[in-house]
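Novice: Quick one: this structure, given as structure tokens, is what I'll be asking you about.
The values are calculated or read from the model by the stated rules, or taken from the named source; none is laboratory data. From a predicted model like this one, the values you see are computed outputs, not experimental measurements. We place every Cβ from the backbone using ideal geometry, glycine too, and count neighbours over all the protein chains shown. Heads up: the accessible areas ignore ligands, DNA and RNA and are worked out on the full protein's heavy atoms, side chains in. Shrake-Rupley method; radii C 1.70, N 1.55, O 1.52, S 1.80 Å.
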Amino acid sequence: MAEPWRDRARRAVEWNWRLRSVGDPRPHYVICGKDALAYYVARAMLESELPAGGARVTVVVPERYRSNGPDVAGLRGVRVVRSDRLDVATFEAAGLAGATGLALLHQDDVGNLHAALCAQAVDQQVRQVLRMFNGTLADGVRKLIRAPVEVLSDAEMAAPAFVAAALGEVDPSSFQHRDKTLRVARRADIRPQDVVCALAHLTEAQGVELLPAEQAGADLVLAEATGQPPGTEVAARRLVRARRRRRPVAVLLGAVRGFATRKIGVAVMLVLAVIAVLGALISRTEGVSPLEALYLTLVTTLSGADPDTTKPAGAQIMQVVLNLAGLALIPLITAAVVDGIVNARLALHTGRLQPARAGHVVLIGLGNVGTRVMAQLREYDVEVVAIDKDPEPRGGALARQLEVPLIVGDAALPETLAAASVADCQALVVASTDDVANLEAALAARDLRDDLRVVLRLFDGDFAERVEETFALGVSRSVSYLAAPAFIGALTERAVITTIPVDRHALPVAEVPVAAGSELDGRPLDVVNRDGQVRLIARTPAGGARTIWWKDLDPRQVIFAGDRLTVVARRRGLDWLTHQCAPPAHPAPIPRPAGAVHGGVHNPATATPGGLSATDSEVGVAHSVPPAGGAPSTTTGGPPEEFELTRRYDGPGEVS
């Protein structure tokens, strides 16, 4: 017998869920992806405070997949559609028609493009955000898709943070907005008149304080670029100048050691030892000089000698042994030469035959992120040695073009790390797509050198933070964590200019328009700044007037409709500001039971297990989601399959 509706509703109240009613006015977002980036974007949409009540989120994941980090299908509040193909039927089952936005976040450029074209056939007005690595293909997508589309590369956004961490500096990237070029820098490296705003105050006791109230004491600032190179570029130049000379003797010995296999080398040494002993005996028995004995020994060994029965028995025995040794030595020499040539070719092909280096950067993994990191390091003229298991990785062609040595092998093996001269490198950047392999390689490198600077890529942001604290492996980064705010801004149609990584946080820089009748319309500028959340850096008056930057902003100036406010904010602060600048809306209220529901499900005076009343939990009327015949299977991330549920905001855990 089917479970009564009241029991389902009661269970939803206990789990702190919100039931979607018919005609739900909240925006609907469809997210296609299975990795950490899809997880962070979906979670941010669920926790968004815009509009009040959050958003409805549907995620499309393959039928069977293994999550390398946090599982997007396990989020409470999302509707899950399982399908191995992103086609028209899948998007219809996901309810794409009439949706507010679509995020295509798979790591497949061509697959995302095909999915975007299929989505366009379902709804030509839905806003699309595509994840792509190939810049040329990204430019073509904007021409092919008639719907509003934004193409972003998480690898391109996250690579500067890895480069900066490898060189021990702050994020080297800069961005241009209106008529200014801004960049992140340490306060000690910037003139006071160039400081735009304080970004973070770094303390050992309290950690990182973002957008602090005390502007003068901040360690990290946003500054105007006035011609001097950023800190990371200065560090790269210093590294190039201080690079030590290569040691030719060590290179020669290493080449000799890798010339032949161990077994052939041992056999050759034994035969040569036998010949040397017999040569010494000949010199003693026949009373000749050492040079004459050497001549007789070599001639007898290599060409044989005429038999002489008049010789003593001992001399005849030595002659026979020398002839036998000569027969063994010639094949061994041939085998050593052939084996050495083969080994040298294999070593050159796999990159294991490398000269000794010092002061370089070792990069593990030439995928999307690793390729971007390699390219940026070479732009700074920093020497790079790459390691990858795949003989032809994604960045292999670029590595050959940039003359970056590629060592093919397992980075967790000591011999692979030794071939890359990890013990003498400036830093190790581990950027492959396997968390376990990354951690193994980092620990193996630390065994070779305790003070090595390690920049570690991990998919799970929380896991990365705990690894950094527990193992003291230097700096750990989550690419998805760094890139998520930009994807969220594009999906919600916010003008996110760039994303600034600060330690383990990401601060979006955005331009927010002020709508007529909004909360900020007619209010002074000083209400925009919120310590720890939002910092105003520019205002562009309505009508296309000249932008007023931080130096000339007066907190008593009045905000008018049509103004555009440029801010640096945390994600939740940007949610608040967007809400304050949004036009007044009067959505239809979600219908609720007026009093107690039979069975005690809805009672304003009854507290839920989480300490909130049913009124505080904002539980509405359930809406059944009918199954689509022949369509991809749809489930929800935990609640009953018959209901489409969206989690209410119930605590911290922001992406920014």
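Novice: Report the calculated FRET efficiency for E415 and D503 (r = Cβ-Cβ distance, R0 = 25 Å), to the nearest 0.05. Walk me through the numbers on the way to the answer.
Specialist: Values: r = 35 Å, r/R0 = 1.39.
Between E415 and D503 the formula returns 0.10.
Novice: Based on the mean of other Cβ atoms within 10 Å per residue, sort peptides 381-388, 78-85 so the most packed one is first. All intermediate terms of the calculation are to be shown ahead of the outcome.
Specialist: Values: 381-388: 22.9, 78-85: 20.1.
With the highest mean Cβ count within 10 Å placed first, the list reads 381-388, 78-85.
Novice: Taking all pairs of distinct Cα atoms, average 1/r, flip it, and tell me the Kirkwood hydrodynamic radius of region 478-518 in Å to one decimal place. Please report the intermediate quantities before stating the final value.
Specialist: Numbers: mean 1/r = 0.0911 Å⁻¹.
Hydrodynamic radius (Kirkwood, Cα pairs) of region 478-518 is 11.0 Å.
Novice: List every residue whose amide H lies under 5 Å from the amide H of I407, counting only residues 5 or more places away in sequence or on a different chain, with H placed 1.01 Å from N in the peptide plane.
Specialist: Placed amide hydrogens put A386, I387, D388 under 5 Å from I407.
Novice: Can you tell me the accessible area per residue over region 120-212, all protein chains present, probe 1.4 angstrom, in square angstrom?
Specialist: Details: 4150 Å² over 93 residues.
Accessible area per residue, region 120-212: 45 Å².
Novice: Here is a follow-up. Long-range amide H contacts for A538: which residues qualify at under 5 Å (H placed 1.01 Å from N, peptide plane, sequence gap of 5 or more or a different chain)?
Specialist: T566
Novice: Going by amide H atoms built from the backbone, whose H comes under 5 Å of the H on R453, apart from near neighbours?
Specialist: Placed amide hydrogens put L428 under 5 Å from R453.
Novice: Something else: Of the heavy-atom accessible surface of region 131-223 (probe 1.4 angstrom), what whole percent is carbon and sulfur?
Specialist: Values: 1970 of 4150 Å².
For region 131-223, the apolar C and S fraction of the accessible surface comes to 48 percent.
Novice: Grab the Cα-Cα distance for L448 and S289, subtract it from 0.36 nm times how many residues apart they are, and report the gain in nm with one decimal. Working shown, then result.
Specialist: Numbers: separation 159, 0.36 × 159 = 57.24 nm, distance 5.11 nm.
Roughly 52.1 nm would be gained on extension.
Novice: Still on this model: Over 5 Å intervals from 0, what percent of Cα-Cα pairs in region 392-518 sits in each interval?
Specialist: Histogramming region 392-518 at 5 Å steps yields 2, 10, 16, 16, 15, 14, 11, 7, 4, 3, 2, 1, 1, 0 percent.
Novice: Sticking with this structure for a sec: Of the peptides 490-501, 515-526, how do they stack up when ordered by the mean number of other Cβ atoms within 10 Å, highest first? Can you show the working numbers first?
Specialist: Values: 490-501: 21.2, 515-526: 15.8.
The densest-packed peptide leads the list: 490-501, 515-526.
Novice: Between L144 and M269, what length in nm is gained on full extension when 0.36 nm per residue of separation is reduced by their alpha carbon distance? Don't jump to the answer; show the numbers that get you there.
Specialist: Working: separation 125, 0.36 × 125 = 45.00 nm, distance 6.88 nm.
Fully extending the segment from L144 to M269 adds 38.1 nm.
Novice: If DNA, RNA and ligands are ignored and the probe is 1.4 Å, what is the ranking of M318, M269, M157, M374 by accessible area, most exposed first?
Specialist: Final ranking, largest accessible area leading: M269, M157, M318, M374.
Novice: Measure off, as a whole percent, the carbon and sulfur share of the 1.4 Å-probe accessible area of region 351-444, all protein chains present. Don't skip to the end; give the middle numbers.
Specialist: Details: 1710 of 3340 Å².
C and S atoms contribute 51 percent here.
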